1. On a 1.4 Å probe surface of the protein chains, which of VAL113, VAL78 comes out largest in accessible area, and what is the full order?
2. Tell me, what is the FRET efficiency for ASP33 and TRP112 to the nearest 0.05, using R0 = 30 angstrom and their Cβ-Cβ distance as r?
3. Using the beta-carbon distance between SER127 and ASP9 and R0 = 35 Å, what value does 1/(1 + (r/R0)^6) give for FRET efficiency, to the nearest 0.05?
4. Grab the Cα-Cα distance for ARG26 and LEU86, subtract it from 0.36 nm times how many residues apart they are, and report the gain in nm with one decimal.
5. Please compare each pair in LYS5/LYS104; LYS41/LYS69; LYS36/LYS69 to a cut-off of 31 Å on the Cα-Cα distance and tell me which ones are over it.
Amino acid sequence: MSYIKYIEDRYNKELITLSALSECRRQYDLMSDEEKLTLDKAHDNSAVEVQLNLTKDEILIGDNVDTSKKTASQGWLVAGFVFAFLGGWLGIAIGCNYAFGAYKSETKTLGWVMILVGTISMGIWKSL
């Protein structure tokens with residue numbers, strides 16, 4: 001896998017910031033063809049960031065993942081889906097909170113699923 005593809009994949013998984021992605025692209029463009037080839041063949045992920053001299057603020061790995069985005073608690077997720085299956089407005093409201101709030105992409109996806117399930121369930125329950 002090329003280095004640029006690798007670093008874009010890390011950005012899409014929210015493991016590095018946008019500024020780190022831009023800095024990696026800039027530094028990659030400045031490299032010679034031989035250096036680019038060596039970097040493209042690198043298999044040790046940690047050595048890649050060290051070679052490009054990125055700061056800890058630009059690299060978000062493991063526990064250092066961006067804390068401005070939250071994850072949902074398991075209890076509220078379960079409650080939201082239970083209320084959504086029962087066709088209640090509360091399940092849709094919890095789903096909207098997760099879909100439109102400052103949450104990670106996985107949580108936002110669950111919020112949208114909650115909204116969809118709640119809307120379908122509400123239609124089914126109303127037709128009975």
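1. VAL78, VAL113
2. 0.10
3. My answer for the efficiency is 0.20.
4. 16.4 nm
5. LYS41/LYS69; LYS36/LYS69
The values are calculated or read from the model by the stated rules, or taken from the named source; none is laboratory data. None of these values were measured; they are calculated from a predicted model. Cβ sites come from the backbone with ideal geometry, for glycine too, and all protein chains shown count toward neighbours. Keep in mind that these areas ignore ligands, DNA and RNA; they rest on the heavy atoms of the full protein, side chains included. Shrake-Rupley method; radii C 1.70, N 1.55, O 1.52, S 1.80 Å.
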